[in-house]
Amino acid sequence: MSRSPLILMLSLFVTALLEGCTTFYNVSLVKIEIIQPSEIILPSEYRKLAVRYNNTNIAFNPELINYNVLGKAMSDTTNLDSVASRIYYEYFLSELSNQDFLDTIIELRAADYSATSVKDTLSFSHVSEIDTSDYDSYVGIVNSYVLSQYFKMYPTATKNKTSEKILDTEFGLYTSDKLKEIADLTGADFFLSLDHFFTRNEIDTNEFFVEGYYKVTELAEVNALWSIYDLNKNLFHYQYLHKNPITWEGECIFLQNALNVVPPRRDAVLNSADISGTEFAHMLIPHWMEVQRMYYKSGHVDLKQTNELIKDGQWLEAAKHWKKNISNPNKRIAAKCMFNMGLVCEMQNDIEAAIDWVVQSYHVFKEKDEMHAYNCKSYLNILAARKLDFKILDKQMQLVEQQ
């Protein structure tokens with residue numbers, strides 16, 4: 001008796017079984033742009049911004065030049081923080097302009113503290129003696145006191161200084177008259193001043209369970225102190241210390257190779273400055289960002305052409321083919337098409353419809369297919385977060401629509 005028919009039947013069965021098991025692994029990733037709300041909610045009347053590079057830590061500062069490399073204390077002699085501060089500020093300003101959310105951005109001439117030291121004459125008595133019923137003055141004096149405490153912790157350079165800047169009891173590095181001058185000159189509603197900047201850097205290792213095999217971690221952290229003034233009210237509104245630690249990791253054999261698997265210190269510090277400057281702009285205003293999303297591919301005759309349509313960016317055309325197959329007798333094809341319809345809806349900012357499609361896709365197999373269940377739940381978590389974001393965005397974007 002010939003065994004060929006039996007072998008053929010077994011081959012077809014195994015192929016079908018494998019296709020059934022792997023069909024939900026046949027996925028691809030696509031990059032899309034989504035709009036994100038800002039973390040800091042600015043008052044609705046803040047539409048025109050004045051901004052200034054006012055870094056008091058511009059001169060070589062022995063107080064803030066130390067860093068650690070593999071447990072050894074080192075000192076920077078190049079004044080790298082000064083370079084990093086300019087990069088941070090320029091990237092911040094560029095991204096703020098690129099997002100086109102604010103009506104007007106006016107950049108003021110940068111301050112030069114290379115020959116000026118900051119003198120702190122403030123004490124807690126300035127806060128304790130004021131009338132707390134005068135809310136605006138109270139806020140200003142409290143913020144000035146916080147600023148003075150910051151300068152006690154992170155003092156500016158004092159060597160070779162020919163002049164002094166005395167902190168104002170209510171306006172910090174500015175005065176009431178100076179703020180009025182800025183308001184008259186710019187017509188701005190609020191004023192951002194980058195008042196102090198330094199970075200922290202260290203490289204450390206951990207030995208793995210294999211002797212002589214090391215994991216290397218490099219940290220570069222930006223510390224940028226911003227003061228925010230309300231020019232309409234002539235008020236020192238609040239301060240924000242932007243701390244942003246960025247790490248790089250590598251692995252090596254033998255400790256002497258540790259510095260070869262992470263960036264040189266200069267590269268790490270300057271790269272952290274440009275990343276952090278962009279990030280702070282995103283914290284202030286709604287912004288577009290690129291994210292990755294997953295979608296299902298298919299070898300089904302009617303759906304193969306969707307792969308080419310997606311390559312050409314024709315998502316709505318691809319959606320027509322997916323929608324035709326949401327009732328396909330092949331449940332796997334139907335589930336994949338429902339899932340992909342969710343992505344199309346998200347790209348059109350219809351989050352409710354996107355959630356509905358993905359829920360339908362999940363219910364085709366529920367927990368019977370672990371991979372598909374995982375894909376659906378993961379995407380639903382993303383969509384749920386975006387739904388919350390849209391509630392915040394609705395409030396923030398109304399500011400633009402009302403102008």
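The values are calculated or read from the model by the stated rules, or taken from the named source; none is laboratory data. This one's a predicted model, so the numbers in the text were calculated from it and none came from an experiment. When we count neighbours, we look across all protein chains shown, and the Cβ atoms used for this are built from the backbone with ideal geometry, even at glycine. Please note that ligands, DNA and RNA were not included when accessible areas were found on the heavy atoms of the full protein model with its side chains. Shrake-Rupley method; radii C 1.70, N 1.55, O 1.52, S 1.80 Å.
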Quiz item: How many of the residues in segment 62-118 are aromatic (Phe, Trp, Tyr), outside any helix (DSSP H, G or I) and within 26 Å of LEU173 (Cα to Cα)?
Solution: 1
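Does ASN68 count as touching a strand residue (DSSP E or B) at 6+ places or on another chain (Cβ under 9 Å), crowded, with 18+ Cβ neighbours inside 10 Å, touching a residue at least 40 places away in the same chain (Cβ under 8 Å) and under 25 Å from GLU202 (Cα atoms)? Please lay out each step first, then the result.
Numbers: touching a strand residue (DSSP E or B) at 6+ places or on another chain (Cβ under 9 Å): yes; crowded, with 18+ Cβ neighbours inside 10 Å: no; touching a residue at least 40 places away in the same chain (Cβ under 8 Å): yes; under 25 Å from GLU202 (Cα atoms): yes.
Against the criterion (touching a strand residue (DSSP E or B) at 6+ places or on another chain (Cβ under 9 Å), crowded, with 18+ Cβ neighbours inside 10 Å, touching a residue at least 40 places away in the same chain (Cβ under 8 Å) and under 25 Å from GLU202 (Cα atoms)), ASN68 does not qualify.
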Quiz item: Identify, please: which residue in segment 283-308 is open to solvent by less than 20 Å² (accessible area, probe 1.4 Å) and among the β-branched types (Val, Ile, Thr) and is, among those, farthest from HIS242 (Cα to Cα)?
Solution: THR306
Quiz item: For segment 16-36, does any single residue satisfy the condition of being modelled with pLDDT of 90 or more, touching a strand residue (DSSP E or B) at 6+ places or on another chain (Cβ under 6 Å) and buried (at least 18 other Cβ atoms within 10 Å of the Cβ)?
Solution: no
Exercise. Look at segment 320-333 and say how many of its residues are out of contact with any Cys (no Cβ under 9 Å at 6 or more places or on another chain) and in contact (Cβ under 8 Å) with a residue 24 or more places away in the chain.
Key: 4
Quiz item: Just one of the numbered conditions (1) touching a residue at least 60 places away in the same chain (Cβ under 8 Å); (2) in contact with a helix residue (DSSP H, G or I) (Cβ under 6 Å, 6 or more places away or on another chain) is not true of CYS345; which one?
Solution: (1)
Self-check item: Count of residues meeting criterion [open to solvent by 70 Å² or more (accessible area, probe 1.4 Å), among the acidic types (Asp, Glu) and not in a helix (DSSP H, G or I)] in segment 172-222
Solution: 3
Quiz item: Quick one: would you say LYS336 is open to solvent by 70 Å² or more (accessible area, probe 1.4 Å), more than 28 Å from the chain's Cα centre (by Cα) and not small (Gly, Ala, Ser)?
Solution: no
